[in-house]
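**Q** A single structure is presented below for examination.
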Amino acid sequence: MRVFVSAVGVSAMLLLSAAAASAEDSIDSYCATMGEQDHFASDGYPLKDAAQIIRQDRANYHAFHNRDSDDDSDGTFGSKASRARIEQMVRRGGMGREVRSEIVNGNPYICVDVYSNSIEVLIQ
C-alpha cells in the first residue's frame, strides 16, 4: 500500500510540474499566413519542415519585407540570431501533427504564442 501511495504522490507532483510549466505567460504572439514564398529558403530551395517554414516566414517579414497581407508583426524575431532559435523553440513547444502537415502542405493562417524558450503554434 505504501508503494502505491508513493507512486500516486510522484505522479501528482509530475502533473503539477507540467501544469506549472504550461501556465507560463507568453512573452509575444502573432498570427501569419504561411504563404508560398515562406515555403522556400532565401536561396530558393524548398523547405519541407514546418519549423523551417515558420522561420522563413519571419525572415520574409522582418528581413526581406516579403509579407502576406494579413501577417502580424512580432517583437521577438526581428534579428537573424533570434530567428535561428525558432526551430529549437518549436521542438520545445507545441505543434500537433495535423498543424505540421497543414503548414508543410498548404498555406494556413497560424497563430504563434512565444514563450522564453518555446513556441506553441495553432491553426486559425
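**Q** Within segment 42-68, how many residues turn out to be free of Cβ contacts under 8 Å to residues at least 24 places away in the same chain and loosely packed, with under 14 Cβ neighbours inside 10 Å?
**A** Here the count works out to 7.
**Q** All but one of (1) under 18 Å from Gln37 (Cβ atoms); (2) out of contact with any strand residue (DSSP E or B) (no Cβ under 7 Å at 6 or more places or on another chain) hold for Arg92; state the number of the condition that does not hold.
**A** With respect to (1) under 18 Å from Gln37 (Cβ atoms); (2) out of contact with any strand residue (DSSP E or B) (no Cβ under 7 Å at 6 or more places or on another chain), Arg92 is out only on (1).
**Q** Could you check Glu24 against (1) at pLDDT 95 or above; (2) not in a helix (DSSP H, G or I) and say which number it fails?
**A** Glu24 satisfies all of (1) at pLDDT 95 or above; (2) not in a helix (DSSP H, G or I) except (1).
**Q** Next question. Do you know which residues across segment 72-88 are basic (Lys, Arg) and within 24 Å of Gln124 (Cβ to Cβ)?
**A** To start, the set of residues in segment 72-88 that are basic (Lys, Arg) comprises 80, 83, 85.
Matches in segment 72-88: Arg83, Arg85.
The values are calculated or read from the model by the stated rules, or taken from the named source; none is laboratory data. This structure is a prediction, so every number in the text was calculated from the model and none was measured. Note: ideal-geometry Cβ built from the backbone for every residue, glycine included; neighbour counts use all protein chains shown.
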